[in-house]
Amino acid sequence: MNYDRILIRYGEMSTKGRNRNKFVEKLKNNMKRVLKDFPNAKVEASRDRMHVLLNGENSEEIISRLKGVFGIQSFSPAVKVEKDIDVMKEAVLDLFKSLYKPGNTFKITGKRADKTFLLTTDEINHTFGAHLLKNIKGLRVDVKNPDINMQIEIRKEAAYLTCENIRGAGGLPVGSSGKAMLMLSGGIDSPVAGYLSMKRGLEVEAVHFHSPPFTSERSKQKVIDLAEKLSEVSGFMTLYVVPFAEIQQLIQKQVPNNYSMTVTRRLMLRITDEIRRKHNGLAIITGESLGQVASQTLESMFAINEVTNTPVLRPIIAMDKTEIIEISREIGTHDISIRPYEDCCTVFVPSSPKTRPRRDKVQYYESYIDFDPYISKAVNETEIIHIKPKSKQAEETFENLF
């Protein structure tokens, strides 16, 4: 017997009370985007449960996509059957035989959400366990560590059979917590910060600072590839590429070397804030980890943050590099991030950046330059790229060309 659906179980969304329906609708829409390459699959949602009706689509490929969707606590490939004991017996046996290998042990786990059903939970376990033992020679029970756990859930509308619970990504549906701008460099940290922000329900748009001819088109493509990888979570990503060379050259000429990094970060934050305002974002996300580099000391953050009242979110602030790298490997951004193409911060890094910059000194150095027209020009000339994840079909077509 083939699975006909995938049962989706909610995580934190179950605690949202009156607002739950909004979170459910957001999750439903996100799942539709992620599964757009499977035209026959249909997503059905209720307050307590969601179903992906397979309608002949490949369940393994859909399961692979669902593992990265935030808002799902767990899910199970399943079969829906009517609540007739004889029909259920036949369906349980068919599903079990499709999975059973000689020597496998099993147990039955019944769950009776519909209390009007004829059998109690214990009777469900005994009835269907006995039916399998009768029909499969040599089958043994192991209630503690079975090879196959046949789960039978009785709900009001039907019975559902499954043998597998798959852990979901957890968190909240992307977009359910508002929109924020991610300052996306080509490094390891910022994509991880973006991923963790999406896990908390944020719709993330990325801002990247590009400084040709000092940074190459390969450096830009690297960031596009990172944004594309992040888009696999939500189904889309908007990337703003800011021309930054003119401002950086001005900083190098007018600001003392040891304060140039602080001023650069302040200008980046101001530009990101303008883009946020223009596109209705509510916060800014950075990949800063406390003490990791000169611009990420508490004194530096204090000096840099002065230029905005917008909330600045730092999801990896308390992580060490090893933890960040581990997450980057898990989400598939690591190998892209380590490509040897430098971003604008790396190219213009000062030899001895100030680790404890003072606000009054930064203000003094900046007072000699009217940055406002340069900021306006950079924002107006920003390139907007709308990115979607590569479909499996597109990847296969590309591979077949070679």
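The values are calculated or read from the model by the stated rules, or taken from the named source; none is laboratory data. In this text, all values refer to a predicted model and were calculated from it rather than measured experimentally. Neighbour counts run over all protein chains shown; Cβ positions are idealised from the backbone, glycine included. In case anyone asks, the SASA skips ligands and DNA or RNA and just uses the protein heavy atoms, side chains included. Shrake-Rupley method; radii C 1.70, N 1.55, O 1.52, S 1.80 Å.
Quick look at the numbers
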read-out	value
Of all residues in segment 265-311 being open to solvent by 60 Å² or more (accessible area, probe 1.4 Å) and hydrophobic (A, V, I, L, M, F, W, C), the one that is modelled with the lowest pLDDT	Val293
Subset tally (residues that are modelled with pLDDT under 90, open to solvent by 10 Å² or more (accessible area, probe 1.4 Å) and in a helix (DSSP H, G or I)) for segment 225-251	2
Qualifying positions in segment 252-287 - farther than 18 Å from Thr238 by Cα and among the polar types (S, T, N, Q)	Gln252, Gln254, Asn257, Asn258, Ser260, Thr262, Thr264
Cross-chain or 6+ apart pairs with Cβ under 9 Å, segment 268-289 first and outside the structural domain of Ile317 (by the TED database) and under 10 Å from Val379 (Cα atoms), then modelled with pLDDT of 95 or more and in a helix (DSSP H, G or I)	none
Odd one out for Ser74 among (1) touching a residue at least 60 places away in the same chain (Cβ under 8 Å); (2) farther than 26 Å from Met198 by Cβ; (3) touching a Lys or Arg at 6+ places or on another chain (Cβ under 8 Å); (4) surrounded by fewer than 18 Cβ atoms within 10 Å (Cβ to Cβ)	(2)
Residue that is most open to solvent (accessible area, probe 1.4 Å) [pool: residues in segment 23-59 that are among the basic types (Lys, Arg) and within 19 Å of Thr162 (Cβ to Cβ)]	Lys42
